[in-house]
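The values are calculated or read from the model by the stated rules, or taken from the named source; none is laboratory data. Here the structure is a predicted model, which means the values were calculated and not measured. Positions of Cβ are backbone-derived with ideal geometry, glycine not excepted, and every protein chain shown enters the neighbour counts.
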Amino acid sequence: MKFGEAIEEARSGKKICRCGWNGKNMFVAYMSGYTIAEENVNGRTKEFVPTGDLRVLPYFAMKTACGGWLPGWLASQTDMLADDWQVFEF
């Protein structure tokens, strides 16, 4: 499927990947936005947002080939133009 279709699948709660990623268990997931109350914001984040609630906007995250979690994943031009996107199946 095309990237735009894959984005819609992700927004509906499914994990997405490119065909070449499958063997590595890599996928991209849509993370909806949320708010963290000021009293629950951790110390490191308070260095950048010292007062008030922390409003986290929606973003994409990737599970990487080495098992890491990459918040704020950005698609490359190749990813955006590819038509080999699919819903990730475990």
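Cβ-Cβ distances below 8 Å connect the following pairs, each with a first residue in region 7-19 that is in contact (Cβ under 8 Å) with a residue 40 or more places away in the chain, a second residue that is crowded, with 17+ Cβ neighbours inside 10 Å and in a loop (DSSP other than H, G, I, E, B), and a separation of six or more residues or different chains: LYS14/PHE88; LYS15/PHE88; ILE16/PHE88; CYS17/MET26; CYS17/PHE88; ARG18/ALA82. Looking across THR51, THR45, one residue alone is of a type in the set (Ser, Thr, Tyr) and assigned to a helix (DSSP H, G or I). It is THR45. Condition first: modelled with pLDDT of 95 or more, surrounded by 14 or more Cβ atoms within 10 Å (Cβ to Cβ) and acidic (Asp, Glu). Can you find one or more residues in region 70-79 that meet it? Yes.
For region 57-82, which residues satisfy the criterion of being within 22 Å of TYR34 (Cβ to Cβ) and touching a residue at least 12 places away in the same chain (Cβ under 8 Å)? LEU57, PRO58, TYR59, PHE60, ALA61, MET62, LYS63, PRO71, GLY72, TRP73, LEU74 - these are the residues of region 57-82 that are within 22 Å of TYR34 (Cβ to Cβ) and touching a residue at least 12 places away in the same chain (Cβ under 8 Å).
Please indicate, with yes or no, whether at least one residue in region 4-21 is part of a strand (DSSP E or B) and farther than 16 Å from ALA61 by Cα.
Looking through region 4-21, none of the residues is part of a strand (DSSP E or B) and farther than 16 Å from ALA61 by Cα.
Criterion first (surrounded by 10 or more Cβ atoms within 10 Å (Cβ to Cβ), of a type in the set (S, T, N, Q) and under 20 Å from the mean Cα position of the chain (by Cα)) does THR45 satisfy it? When the stated conditions are applied, THR45 passes them.
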